[in-house]
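Everything below concerns the one structure shown next.
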Amino acid sequence: MEPRPDHQFDSFKPSAAVRDAPRLDLDSIDWNDPASFAKIILGDRPIPELKSPADVRREATARSDKIFTSFETLHEILKRHEATIWKRWSKKTRQQRLKILLNAWPNMPAVHRPDFDAFRKESRRDRHQGTKYRESFMWPYINQEDLLNTKALPLLLNARGRHHPSHFAAADVDAMHLGLVTEAIMHIYLNEHVMVLNGVTENTREYGKLVAWTEHPDAFDWMHKLTQFLPGEGLSILEAQERLSDFLVQCCLQILHDIPESTLTTDSFSVLPEPQLKRENEISGFESLGVMAAEAPYRLPARLDLHYVESLLSARAFAAEDHLWALREDPDYFSRTLLEAKDHRQEILKDIYGNEHPVFSRGREEILWGRIIGSVVSEAYLELEVFSELNSQAKKLVTLQQKYADDISPSEDLPEEYLEALLRFHHHVNQAAKGPLATLKTAAVASPPLRRLFARHPPSSTDSTKISTVLKPGIQMDKVENHLIWLLRTLWEDGMDLFLIRMPVIVDELERLLQSETRAGELLSSYITTVVGDLSIIAQCLNQLNLYQPWARSWESEFAERDDDLKQEFAKRAEPWARIIAVLSDKSTLNKVASLGEPSGGKFSYPVAKRRTKENVEALRKAEGHLDAFWAGIDQVMFAKAGDLPGTAIRNFLSQPRILQRTLEWVEPEKATPLVPAQDKAGEVDLYASYQPISQVYSGISARTLDVAQPKTKAKTRGTARPEPVTEAEMVLQPNPADRQRIFPVDARALKVFRVIFFNPAVTSSPGEVPWNDFLHAMTSVGFTAMKLYGSVWQFQPSRMDIERNIQFHEPHPRGKLPFTTARRYGRRLNRAYGWIGGMFVLGDK
């Protein structure tokens, strides 16, 4: 295939900064001289080294030969001695391990992610003049902090010694990402050639083979679609693998120092089965996304797992629905949510002169509460919309992946329908990230633990809603605070640093800091850890898409071809969301409902934990009435100004045949009719509860239909009773018989948890707190596996039940105990998700 003239320099890809640079005088470029082209385009930036095809072939062949010599040696050692290596490594002291590492890799960087450390230490100019930290950028996973732990080196040995080097080619160049985009690492430049590394598992002579575009009919497409590698990329990958494979062999030789090297890989030792390291859930009892991220550089590169993506998004969409449900059903939760939102408003910051914001002056409180209420409701609505949409797209991707399973090959383009769905999902995920990033920017600086570090500029007018914040001049921060603020600012500024480093990497580092430094965790409020949790789910979606090699290497070019279509499609899908935001941002709307929702004067005081008395029941009913009035106002305004919202998740949610639980009027005990059906033992029926639709405006169920106060007594009749018609209310309230009859035998520790979260005042009079570890124990004891996500989020997946729905809960922060009100809300969520009730849990045999 003859190379087209307009693609003569396609293999040179300038960075974003270069692409955005002012127009240059292209007439002065000598297009026959790549050095002239690069010099004029790059100015004073480093110019790639030019190499001839012969030089590249010579270097590639030499490096490839050394890689396979080391690989074969390592492979033979592991076949015979891997279990011994693991056992010996685990028994060595930290100093003994360090000695082995430094002997095999002198001057090994000390800290985790040394490329981050180098990026922050070294200026852009220093990097262009020749970085001092090239090794840190080339091999960021080679550092003392990570490799000194028990698992990292054994995992790395197993991955690199048991799997062909071609499996790691894309991952190895991706590991250099920060060094490449900051130009600390510069690939050599050779045009009109491609290097073959992907998919070479049989003929080792093909690994690192340089192919000219004219030598193979597909060579140009390999380069253009990035299914293979540019010559400069290829040489960098080979360099990385050569040094790494030699390092691993040297580590093995030191650990097995008492065995003569001449017999180490001979038949003097039998080939043994591959040992298996314990999984994280076997060690701690649960999986951890943080541990998975930390171990990823040392394992075989993961592959795209769309079922995992769908499970995350499905559980998060359900959590968004549950959050909105609780805001409408539980006055205490509603009030706490508003007060928490107030505590994270930037208006609460003092300005740089120490003055309060104008909204705190007398007579202007309703303005602040209007803003708070608008943000809380719009945030709840948009979370449901965004995560429901992402979940819908993820489900479709799972279906398409199965549909085209036989047609997907690394050497072929993806089917167009599947590719378009992947790119659409990628675009929507990137758009979804903007919400949590914006929330982080406004809320983190005002959060109680970080508030002392920031101030705001005075507003331009008393009615201005624009707020600009700065670090207080001369503020002193310790090492942990400084690192935490750098990570948070990199996220919320959403600028060049985040573009260069990439959001999944920053989110991983943030979680690692929170887990390794108690002080860092104390600096984040519960609300901010929730935002971090959302970012982690979005980051996981992006990370999974980036794992889809070799096609992920061409995402950027594929986006460029479809950019306008993707933007237009997203704008059309988000149009009803924009109407929702417009209504909830309108001052006149907010003024009308603010007085109904503003939680002053004990309006939403909700003594649900107290024993039922006439006074407490009246207080419960009063708070519920205030909450219902507020949401009725929201629904009426929304319907009047934004319409019926067809096709939205909010419309589906508000019109579903599910109902809010409300407190019945007080009836004196001696007048009560204690009719409890025989099957409703152990507190399954709350005699104090009545029900009503979630929305009078959007629901088709009337309040009168759901007036199911006390069951009526029936007169006895002879013969076979004639079944009465089932009312709409009874259909809504009727539980699933299979769920209702199921019994979970649990131990005393778990039973105590379930009695609290399914608290019934008719049966139990003393609710209490639930330690988080006890909650984990209770959930796993009835058939769930638990995974720690980021921030405060945990995901629970059924493993021994005939149900598929996952569910997410937030670990209490900073205390490790669930308050009763939170535990009760978790019980309501489990009831809505699985039909669980308190009587299903009984003490099992010891």
Per 0.36 nm of contour for each residue apart, how much would the distance between residue 629 and residue 212 grow if the chain were fully extended, relative to their Cα-Cα spacing? 142.8 nm
Highest mean first, what order results for 642-648, 272-278 on Cβ atoms within 10 Å? 642-648, 272-278
The chain: calculated mean residue ellipticity at 222 nm from DSSP helix runs of at least 4, using -39500 (n - 2.57): -16500 deg cm²/dmol
Could you tell me whether region 54-274 comes out rounded, prolate or oblate from its Cα gyration tensor? Rule is a ≥ b ≥ c as square roots of the eigenvalues, rounded for a/c under 1.5, then prolate if a/b exceeds b/c, otherwise oblate. oblate
Percent antiparallel among DSSP beta bridges confined to the chain, rounded to 5, stands at 75
Footprinting proxy, 251, 541: sorted fewest to most Cβ within 10 Å, the residues are 251, 541
How big is the chain along each principal axis, measuring the range of its Cα positions in Å and listing the largest first? 98, 71, 54
I'd like to compare 769-776, 117-124: which one has the highest average count of other Cβ atoms within 10 Å, and what's the full order after that? 769-776, 117-124
Inter-part distance where region 481-517 and region 309-342 are each reduced to a Cα centre, Å: 26
Expressed in angstrom, Rg and Dmax over the Cα atoms of region 395-539 are 19.8, 64
Relative contact order for region 739-843: what percent, with Cα pairs under 8 Å and sequence separation of 6 or more? 40
Take the alpha carbon atoms of region 553-621, find their center, do the same for region 73-89, and report the distance between the two centers in whole angstrom. 56
In debye, nearest 20: dipole of the chain around its Cα centre with unit charges on the Cβ of K, R (+) and D, E (-)? 3760
Under a plain spin-label model, where a point goes 7 Å from the Cα along Cα-to-Cβ, how far apart in nm are residue 470 and residue 99? 5.5
If a/c stays under 1.5 just call it rounded; otherwise compare a/b with b/c (prolate if a/b is bigger, oblate if not). Do that for region 306-588, with a ≥ b ≥ c from the square roots of the Cα gyration tensor eigenvalues. prolate
Can you tell me which of 389-399, 513-523 comes out highest on packing, and rank the rest after it, using the mean Cβ neighbours within 10 Å? 389-399, 513-523
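None of the figures in this text is laboratory data; all of them are computed from the coordinates on show. This structure is a prediction, so every number in the text was calculated from the model and none was measured. Every residue, glycine as well, gets a Cβ built from its backbone with ideal geometry; the counts of neighbours run over all protein chains shown.
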